């Protein structure tokens, strides 16, 4: 039985496995990782909709509150729900914008990191 020495196994591990992982990382980031990030952003937006119950408020816009079925109760209920829907829609819009900003930050992070590494190693030299 042929046994490899520890140095050969260590070099194989370092050069093959770790180097290939480092080279594969950008590919993973913009393929599988992008798919997972989009799924997470979708989950975050749906969670925001569930927590704000915006669709529920819209669905019940014309339903009188507190079983006040007279015309005054209907008018007050309509305007109270309308104000509530407008406020919740604005909060939900900020929620979506924040999710999009986080996603775009996640998307641009590898490019920024690679640029910073190259810049700090002075590989840009006289360009700047």
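Values in this text are rule-based calculations from the coordinates and carry no lab data. None of the values given here were measured: they were computed from a predicted structure. Positions of Cβ are generated from backbone atoms using ideal geometry, with glycine treated the same way; all protein chains shown enter the neighbour counts.
With neighbours defined as other Cβ atoms within 10 Å of a residue's Cβ, the residues 41, 80 order from fewest to most as 80, 41.
Just one of (1) -0.42, -0.98, -1.33; (2) -0.74, -1.07, -1.22; (3) -0.57, -1.13, -1.33 is log10 I(q)/I(0) by the Debye sum over Cα atoms at q = 0.12, 0.19, 0.23 Å⁻¹ as worked out from the coordinates here. Which one is it? Only one option fits the structure, namely (2). The simple spin-label model puts a point 7 Å past each Cα toward its Cβ; for residue 6 and residue 71 those points are separated by 9.3 nm. Placing pseudo-labels 7 Å out from each Cα toward the beta carbon at residue 102 and residue 43 gives an inter-label distance of 1.1 nm. Relative intensity of the range 9-64 on a log10 scale, I(q)/I(0) at q = 0.14, 0.24 Å⁻¹, equals -0.61, -0.89, per a Debye sum over C-alpha point scatterers of equal strength in the absence of solvent.
Expressed in nm to one decimal, what extension gain is obtained for the pair residue 94 and residue 17 from 0.36 nm per residue of sequence separation less their Cα-Cα distance?
Working: separation 77, 0.36 × 77 = 27.72 nm, distance 4.28 nm.
23.4 nm is the gain from fully extending residue 94 to residue 17.
Dividing the summed helix terms, -39500 (n - 2.57) for each DSSP H run of n ≥ 4, by the number of residues in the chain produces a 222 nm estimate of -25500 deg cm²/dmol to the nearest 500.
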